[in-house]
Amino acid sequence: MNKKVLWGSTIVVILVFTASALLLSQFRSAEDTSGENRPPIPHSTIQSALKEKTYTSQAVIGAIGDVLLHNTVYEDAEEGGTYDFMPMFQDVETFLQSPDFMIANQESLPGGAHLGVSSYPAFNSPYEIVDALQKLGVDAVTTANNHTLDKGAKGALSAISHYEEIGMPYTGSFKNEEDRKDIRTFNVNGISFALLAYTYGTNGIPVPQGQDYLVNLIDLELMKSDIKKAKELGVDMVILAAHWGNEYERYPNDTQKMLARELTNAGVDLLIGHHPHVLQPIEKMTTEDGREAVVIYSLGNFLSGQEGELKNIGGIANITVQKVIDENGKRISFPEIGFQPTFVTQSRYENYRILPLNAAHQSGLVSFPEEEMVSHVMSNE
């Protein structure tokens, strides 16, 4: 009995060993890297492998035009010594909160009521306008414009102090040289970007000697240097706000076009324009190194006390940014550009409201239909 079991076990071991040897031989044959007898790998298999190594991320960057508070606007918001601007934005609040990152151009200096609020030609706005923008979903403000020095260095520094107090990122004016050198960078949905801002001038008000950091002026060499420094930080893209162009002109001038070409070739991916106080077109460009770039020449007024239909039409640009990393490297593209036109309405300089243009047109408040303004803005896209 024991011998039979032992003999049977021996046979089983021999069989298992033989089978294992055969399997190992086949496995090594399959692993043979000589390629002499190996069948080619199907193309579909290669494509699948490459797709697995592709990384894609997407974010929507929003931008609005000039926030320029004339006396009729801040007087309408005044309530017992404080200011409540929130009702003015209630009809467009959802549009402001929709993008992943929203940028606003705070044109009238928000130096605070303690310096004395004032209107054209030397603006000073209450702090509360910045508080409202933050509550509405604005993630950063650009502050380089022709009104930055309306209250001198004291006003500019007071505005910066409030930005920092409430945690509102700002760029374009700075508290000192170290602050100016600190390029603002952000990361949204895995897409990193730097935000820069510059203005053509300060309405003839000289920049105080030794305080050039108070406002970034348009200087092509300075801008290219800043763009280069931003790129060296390793960001995926550079966004630049330019206060430029001719007021009340609906199309960019030659200087704007020249700067747009120079700046995008230097590394700017998204250029946002302000100052004309009316809408100008959006243009998609191809740079000398083959990148896609988007230029928004002017977003008009988002909130102001100016009069005239075209001056009261502004809008919200929504730029979809896509980053793809694959075997060819990294690339940024703009698969979708959206624009929501808006209209500032009021009744006898009271009850200021920002409305979607379509709603304003249907109510008979403005003669320009939404389709016409969208067509104007998107004509070069």
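Bear in mind that the values in this text are calculations on the coordinates, not laboratory data. Treat the numbers as computed from the prediction; the structure is a model and nothing was measured. Note that we place each Cβ from the backbone using ideal geometry, even for glycine, and neighbour counts take in every protein chain shown.
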Determine which lysines satisfy two conditions relative to K323: a Cα distance under 16 Å, and not lying fewer than 8 residues away in the same chain. K51, K53, K231
Relative to the Cα centre, what is the charge dipole magnitude of the chain, using +1 at the beta carbon of each Lys and Arg, -1 at the beta carbon of each Asp and Glu, and rounding to the nearest 20 debye? 1920
Where is the GNM fluctuation largest for the chain (alpha-carbon springs, 10 angstrom cutoff): D150, D326, D91? D326
Taking N as the number of residues in the chain, what value does Rg over Cα atoms divided by 2.2 N^0.38 Å take? 1.41
Compare L149, L220, L357 in a GNM of the chain, Cα atoms joined below 10 Å, and give the one with the largest fluctuation. L220
For the chain, what are the DSSP H helices with axial Cα length of 30 Å or more and mean Kyte-Doolittle hydropathy of at least -0.5? 2-31
Gain upon complete extension [L217, E350; 0.36 nm per residue less C-alpha separation]: 44.3 nm
Taking N as the number of residues in the stretch 64-161, what is its Cα Rg relative to 2.2 N^0.38 Å? 1.02
Can you list the aspartates and glutamates whose alpha carbon is less than 12 Å from that of K257, not counting same-chain residues fewer than 8 positions off? E283
Per-residue Cβ neighbour rank within 10 angstrom, fewest leading, F302, F368: F368, F302
Quick one: which residues, 5 or more positions from F339 or on another chain, have an amide H under 5 Å from its amide H? H modelled 1.01 Å from N in the peptide plane, none for Pro or chain starts. N318
Coordinate range along principal axes, alpha carbons of the stretch 278-363, Å, largest first: 61, 21, 18
Cβ density ranking, 10 Å radius, fewest first, applied to H70, H277 yields H70, H277
Which of L355, L303, L109 moves most in a GNM of the chain, Cα contacts under 10 Å? L355
